[in-house]
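Working notes for the structure below.
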Amino acid sequence: MADQTSGGKENGKSWVFSGLLKKLIPHSLDLNGRILAIAGAVVFIILSVLLFPPTRESKEIQFNEGEIADSDVIAPFNFVVPLSKQEIEINRAKAAVEVPPVFWTKEEGVRHLPADLEGFIGRIGSIASADTLSSEEKISWIKDMAPGLRRDPVELLLDRSLRRKMLSEGLRLQRQLFEKGIINDASPLRRRDYPHITVVSGDTEKLILSSPVIEQSALESVIIEEARRVFRNDDKAVELFYDILRSHLMPNLVYDHKETQTRRNIAMEKVAEAFRVSDNQRIIAKHDKVTARQVDILKALETNRVRMEIETSWWKRVLLYVGKIMRILSLIIVLGIALMKFDRSVLLERARLGLAFIAIVFYLLLMALVIKLPFLSQYLIPAAFVPLVTAAFFGPMTALIFTFFAAFMMVIHADLSAGFVFISVLAGVAAIISISQLRERKNFYTIFLYISIAYIIGIVSFGLAENITFAGFLKDAIWGIANGFVCTILIMFLLPIFESLFSVTTNFTLMELSDLNRPLLKRMIMEVPGTYQHSLMIGNMVEAAAHDIRANGLLARVSAYYHDIGKLAKPEYFFENKGDNLNKHEKLSPTMSALILASHVKEGVELAKSENLPDIVIDGIREHHGTTVMAYFYNKALEYDSHDSVNIDDFRYPGPRPRSKETALIMLADSSEAAVRSLKEPNAPRIRAMISKIFAARMNDGELDDSGLTLNDISIIKEKYIQLLTGIFHPRISYPKQDEEEAKERSDEDNPKQPPQSDRKNRV
């Protein structure tokens, strides 16, 4: 008995688990599809954990900034406190400016200047002592030898004692200035008051005081000041001394910008990004007000405590991973339940499931890239990417579900603030609105505008609450605008790839297919004009009804345009395309007529594939008749043969039944329009009665069972079609008997008489 009880409990648990799996994994998926769905979830969880390893949140920080400490806080072990990015940048800037400018000693040309000065004065002395020359000739010779000298003071050089004095004072001042240092570029010293400069001479270097150093531009004032001291108030002697000495001075210290910058970069790289707190060091003293720095130290203390616990206890690390996996799995389960409720097609179709998986994984990789790169802002995380992709392929309602899924992924993986998550959701909603309104690829710029505006609004709203500075707001806003640009570029580039890779069609492709100038539609105008006009009318009807039941109106209209292209193969066998009163079906057996009518579905599918029409448009061709019976020819066959020899299935369209709201809309519109057109004297009551009859017949035959339409949807569609067809058709004169028969024959395709009740039951 005990074993039985235990077995019963295990069976109960197994039943519960099996039931949960059945709810999460749709029955419509085959075994391979279910395996792929589970494998995708497992891969997503593994990738999430690898990209964002779990960490334990700090929960033991006891103080906030500004509080008064009620006890001492002592460091229980050695640990390192990381500095903030702002502190590191400030310290690096300080380290850079602390490096003094580097100058190198210029030997070439400078070492010969004293000898050049002596030689210059000596040559002047030789000219001055020449007895064969007059004073004017001597001055002229000196002037020719030194054209830079002014003429008036040159005559003083004829005085031997003055020449000696100028030479001795010039050599003294020359030596003095070179010892202090003459620099070619003083701009580095003007930017900051450096007390020292570095002078490099060969393989040696030394620090010298910067205050005695002479700027090249200041030489004039220094020389003139010294000349006035030596020669008193003799202006001519001062001018002559300046002219001679200035031509024998040059900078002997040259600024090396490259070496200075290299040394400053090295100093910046050496700046510590953290500081050390020693074991038993007091962090906060009792009764002291807690500072922001002390709060940072406490956070670092707790982070290191957690790390040490994990390193010393493997099972705690396992628990962290288990907890993160559970959070991710819970999010996946919620996503699955939401999709089962609002858009089962994402889970039922492998292509859609694969597309959703790729979009989410790609977003996960982008988020990891932005978070891992420290120079990128969190506002560059492309939160609108998943909403854009899912809105383009699955519609706005499904995209909204994925928007919240992507936002919660941020919370789980990136630990971002609630404000940032809100802004991301806002950007996602803006992206959904923008792409849902687009009808042409050339208008993608509106996506950029919507996303950028959403980020700016969100950043401003939270920035005002947090007293953010204008510079901070501007920086975040620029990142938000960059986000909009990145998302727009990504969606422009990836949409065609996703469409081709997964054979999933977007509204942009549908808009291109709706162009009435496309070759296939223009061919219909020429070869099957009646069918063409009929298709346009059906397109307008289904689009209007689709909007009322929140189906894809664009898809319904485009599918309606192409639903009867199979009639291009044999246009003369369809009444709306006949140019004469001949009825080709009169010479055919009922079975052959049924085969011809049914063939337009198969031939339409083949033509659509050859024209590379999307599968969802081909579904409209394949399903718009479902498995309905061509009752006119079936009843005609019964007139010739007995019930036993006539097989009703020979008079059915090949199907399948409509499997989407859009193809069901086409079936109902196609049948209703043909039936109303065949009425002898259409008026509002007759039109209502006929359409009601068509709808009832399709429901009773089970043609709408797989379409996803609710009873309320069917009621809305019926009223919409009654309204539209009543406005289109109006009472007209009675047709002759022959015309009436032809009208009846024409409508048999879409408004058949129902088979006997016994046959209907047999089919079910």
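Assorted remarks:
- Of all residues in the range 655-672, those being in a helix (DSSP H, G or I) and of a type outside the set (D, E, K, R) number 9.
- Condition met for E440 (farther than 29 Å from F408 by Cα and surrounded by 13 or more Cβ atoms within 10 Å (Cβ to Cβ)): no
- Counting the residues of the range 555-573 that are surrounded by fewer than 21 Cβ atoms within 10 Å (Cβ to Cβ) and not charged (D, E, K, R) gives 4.
- For the range 386-402, the set of residues classified as without any contact (Cβ under 8 Å) to a residue 40 or more places away in the chain and crowded, with 24+ Cβ neighbours inside 10 Å consists of T390, A399, listed by residue number.
- Residue in the range 540-549 that is in a helix (DSSP H, G or I), surrounded by 16 or more Cβ atoms within 10 Å (Cβ to Cβ) and touching a Gly at 6+ places or on another chain (Cβ under 6 Å) present: yes
- In summary, I121 fulfils each of the numbered conditions (1) in contact (Cβ under 8 Å) with a residue 40 or more places away in the chain; (2) in contact with a Phe, Trp or Tyr (Cβ under 8 Å, 6 or more places away or on another chain); (3) outside any loop (DSSP other than H, G, I, E, B) with the single exception of condition (2).
- Scanning the range 258-277 for residues that are of a type outside the set (V, I, T), touching a strand residue (DSSP E or B) at 6+ places or on another chain (Cβ under 6 Å) and not assigned by TED's automatic domain parsing to the domain that holds E215, we see that the one that is surrounded by the fewest Cβ atoms within 10 Å (Cβ to Cβ) is R276.
- Within the range 181-217, the only residue that satisfies the criterion of being within 14 Å of T260 (Cβ to Cβ), of a type in the set (S, T, N, Q) and assigned to a strand (DSSP E or B) is T198.
- Positions within the range 326-385 being buried (at least 17 other Cβ atoms within 10 Å of the Cβ), touching a helix residue (DSSP H, G or I) at 6+ places or on another chain (Cβ under 8 Å) and outside any helix (DSSP H, G or I), in sequence order: D343, I381, P382, A383, A384
- Test: residue in the range 81-93 that is charged (D, E, K, R), exposed (fewer than 12 other Cβ atoms within 10 Å of the Cβ) and part of a helix (DSSP H, G or I): yes
- When the residues of the range 449-479 are filtered to those that are within 24 Å of L366 (Cβ to Cβ) and in contact with a Phe, Trp or Tyr (Cβ under 6 Å, 6 or more places away or on another chain), the one that is surrounded by the fewest Cβ atoms within 10 Å (Cβ to Cβ) is W479.
- Given (1) acidic (D, E); (2) farther than 20 Å from H624 by Cα; (3) modelled with pLDDT of 65 or more, number of the condition D759 does not satisfy: (3)
- The criterion of at least 1 residues that are within 13 Å of the chain's Cα centre (by Cα) and under 30 Å from S377 (Cβ atoms) is met, among helices (runs of 4 or more DSSP H) falling completely within the range 438-524, by 445-465, 470-502.
- Residue list for the range 221-272, filter: closer than 20 Å to G181 by Cα, among the polar types (S, T, N, Q) and outside any helix (DSSP H, G or I): S247, N252
- Pairs, first assigned by TED's automatic domain parsing to the domain that holds G181 and touching a residue at least 24 places away in the same chain (Cβ under 8 Å) in the range 235-257, second of a type in the set (S, T, Y) and surrounded by fewer than 19 Cβ atoms within 10 Å (Cβ to Cβ), C-beta under 9 Å, six or more apart: N252/T105; L253/T105; V254/T105; Y255/S187
- When the residues of the range 480-527 are filtered to those that are aliphatic (A, V, I, L, M) and closer than 18 Å to L607 by Cα, the one that is surrounded by the fewest Cβ atoms within 10 Å (Cβ to Cβ) is M526.
- Test: residue in the range 298-310 that is touching a residue at least 24 places away in the same chain (Cβ under 8 Å), in a helix (DSSP H, G or I) and under 22 Å from L47 (Cα atoms): yes
The values are calculated or read from the model by the stated rules, or taken from the named source; none is laboratory data. Worth saying up front: this structure is predicted, and the values here are computed from it rather than measured. So basically every Cβ, Gly included, is an ideal-geometry build from the backbone, and we count neighbours across all protein chains shown.
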